[in-house]
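What follows is a single structure, written as structure tokens, with notes after it.
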Amino acid sequence: MRQTQGSNGLFFYGGVFCVTGATLMLQLIQTRILSVVAWYHLAFFVISTAMFGLTAGAVWVYLRGDRFTERTLSYDLAHYSGVFALSTALALAFQMTLAPGIQPSVTTLVTWTELAVSLAVPFFFSGVVVSLALTRSPYPVGRVYGVDLVGAAVGCLGVLALLNAVNGPSAILWTAVIAAVGSILFSHAGAAAEPAALPRLARVVKGRRVWVTILVAMAALNSLDKSHRGLYPVFAKDELQLVEPPWYETWNSFSRVIASRPQFDEPQMWGPSPAFFAADWRIPQSRLNIDGDAGTAAYGIEGDLSRAQFLQYDITNLAYHLPRLRRAAIIGVGGGRDVLSARFFGVEEIVGVEINRAFVDLLLHDPRFSRFVGVNRLDGVTLHIDEARSWFARSEQRFDLIQMSLIDTWAATGAGAFTLSENGLYTVEAWRIFLRRLAPDGVFTVSRWYSPQHVTETGRMVSLAVAALAESGVDNPADHVYLAATGKVATLIVSRSPFSADALARLSAATGMLRFDQLLAPGEQPASELLGRIVNARTRSALVALTRDLPLDLTPPTDERPFFFNQLPLHNVFKFAAVAASVRPHGVTAGNLFATGTLMMLFFISLALVVTAIIVPLRPALRDVGLRLASGGTAYFMLIGTGFMLVEIALLQRFSVFLGHPVYSLSIVLFSLIISTGAGSLLSDHLAIEQRTRFTPWVLATSGYIFSQLFWLPPVLLALDSAPLSVRALASVVIIFPAGLLMGFAFPAGMRIIAAYSRKPTPWFWGINGASGVLASIFAVGCSIAFGIGSTMALGALCYLLLVPAARVIGFPASTPARPAASLPPAPEDVPVAG
């Protein structure tokens, strides 16, 4: 029966490649869909749920070990790959009907539980397939494992192309098609006997020609559907989506962008002046919606600036009243509002930097939209598709004005922005880059949300400006800062040089004429005591000491703690409790509280699923193994599961800032970890570390490399900020690979140490490892927000360092034990998912 080469082997390896590739693609696409229907910070929840599903699937194979044999392998692989494909499509259909919110209620709890289960089900069947392929096949396990890793790695990168071609739901349907192709390949991988008791869906799955054809047709039709009549989210951030089809819609790896059909209406402005009479103005405009919530407007002026005079009344354009503005740069072009503003005020040369290609395509290439706005008719305008921070870091150009108007997705404000592209724009390091790109008398103007009663977000913006100026060598930051507000928006103007008397006179005159409120100005009494104290901090240390003691977190965000949008003092339990107990939390604080409550709720949902599907079924494996083996082994595998996930989440957050967008971080970090941990696991077969003399040096090397990144990684990444994306991606792989390679030794080494005493409890330890990773992902997010990404990384290093006492409790074997039997499920690092 044993067969290791020939056409059957090619079909088998092809099936493994398709299933593992589809698994990683499904995981990454789900992060994109959840950012539309819920919030960006749920990327970690998809990772956690995927790991849970894969772990539960492998546990199920172990518990039914006698049922799965090499004799029925081809049938089983084909069957469960087919169920994986079908469950992916069916779970998507169910998921599209859910409306996961963040308001605390029993309904919210039930909805999130339903979402978690619907996400986990396809991964469960993928876990079954991968476990069978690695533990039951007659082919060399190293080769099978290699194909597993290649498929997963290709899936990490291929998903970027797929998401740029079709919408999110269609991408998942095409992922189901890829899994179905895997089922077909497995069915041709050799003659297979049917099991004595056929699975319940045997007849359905066996009719592959019918359902695969249906899947392909569904994916193709859904990809072409522009009227939302196919599979499409019913709700996005609690808003009904199945209404009149939009004027324009596109999905890519960054976002879903929708443009409404143009309507004549009063101009939508961020902060209109009280002197502006909206009833006097009616223009055609299209409302742009990003991922279901973040909004901006596109004005249908067809390039005729005489129809855009209302822009002079928006507080976001206050800085344009300064003299001698010849060159301006816009961070985040969106619908072209700021580009039009710059040209209306007479700026001759305008450079726009936009990370999302969809907006540039709309403004320059779409026949209807480009004519509607008319940006492409303006001379002297250049638009770059790039991440702004990196573009400015490598640019040698100097600008008289750099503008960044309310660059967030609203999801940031509402959800605390656990992982978000805009985080990298609101750090001290980023603002120092922007200040360096200014001409000697140039200004950097930023507009953010404002509340006269609660100046928290405005205060943090001023704190960030003061820190950036102080770090740039400015002795008195207050001489460089001007702040005005109206309604719900405040505009901060930061000058590279101290404001001249003429510049201040012009700003004050414009503020008075437009009836804005002046909050901060050099040499004048601040309108807010808190803002005054912040802006008058002379040094970074004085600023941190001041803002650290406030009820909310107004410390200046850094690349180490880049969470500008989260202001809850999670690092202080008493302060957090006081904020949570406040009768009426306001604005950003309310959104942060809801997000934190969601985080806690997801932890308990994950805990319930882990206990039910992993811990309880595997508990009998610990019977009669002895306290020392049980306690030491449990500690060991909890430590590596927790440590790996802490390191992974920290890397995702760190490289999200470095690479410029979470989708790049997810794809490249997961790609790097999959390849490197797999290589480490395979290398452990030839370089055993189970002996005390080898184990301790490996632990010191692993924890040492991880911990050392706290010191050398931030300056390295900052130095590479100016490199092109391809260079930054390659550098990311090089930096991550050694950590993954070393961490890859942990699981197989632990299994061999356990097997030297008894193989009976190994399933329990495997399950504990997976369960710890599921729960640690949620803890890691909170830890980074409260104490910084470096703290999360340091805890990960500590987990690996504690493997030495855990291994000593178990006891090192007298000789290197044989590799555990292949009937065990693969390690969580072996399955195609983060962790």
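The values are calculated or read from the model by the stated rules, or taken from the named source; none is laboratory data. The model shown is predicted, which means the values in this text are computed figures rather than measured ones. Using ideal geometry, Cβ is built from the backbone for each residue, glycine included, and neighbour counts are taken over all protein chains shown. In case anyone asks, the SASA skips ligands and DNA or RNA and just uses the protein heavy atoms, side chains included. Shrake-Rupley method; radii C 1.70, N 1.55, O 1.52, S 1.80 Å.
One table, with the values for the structure above:
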| item | result |
| --- | --- |
| Only listed residue being closer than 27 Å to Y482 by Cα, out of contact with any Ser or Thr (no Cβ under 8 Å at 6 or more places or on another chain), among the aliphatic types (A, V, I, L, M) and open to solvent by less than 10 Å² (accessible area, probe 1.4 Å), chosen from A319, A297, A329 | A329 |
| Residue selected from region 675-690 under the condition part of a helix (DSSP H, G or I) and open to solvent by 50 Å² or more (accessible area, probe 1.4 Å), by the criterion farthest from V150 (Cα to Cα) | L683 |
| Qualifying residue in region 518-537 (condition: among the hydroxyl-bearing types (S, T, Y) and open to solvent by less than 20 Å² (accessible area, probe 1.4 Å)) | no |
| Condition broken by R728, with the remaining ones in (1) over 20 Å from G643 (Cα atoms); (2) at pLDDT 95 or above satisfied | (2) |
| Filtered residues of region 478-503 (kept if under 23 Å from F276 (Cβ atoms) and either open to solvent by less than 20 Å² (accessible area, probe 1.4 Å) or part of a strand (DSSP E or B) (or both)) | Y482, L483, A484, A485, T486, V489, A490, T491, L492, I493 |
| Answer residue from region 710-737, given it is in contact with a helix residue (DSSP H, G or I) (Cβ under 6 Å, 6 or more places away or on another chain) and under 17 Å from T677 (Cα atoms) and is surrounded by the most Cβ atoms within 10 Å (Cβ to Cβ) among those | I736 |
| Single condition R506 does not satisfy, out of (1) in contact (Cβ under 8 Å) with a residue 60 or more places away in the chain; (2) part of a strand (DSSP E or B); (3) not β-branched (V, I, T) | (2) |
| Options L687, L713, L741: the member that is of a type outside the set (V, I, T) and under 30 Å from F392 (Cα atoms) | L713 |
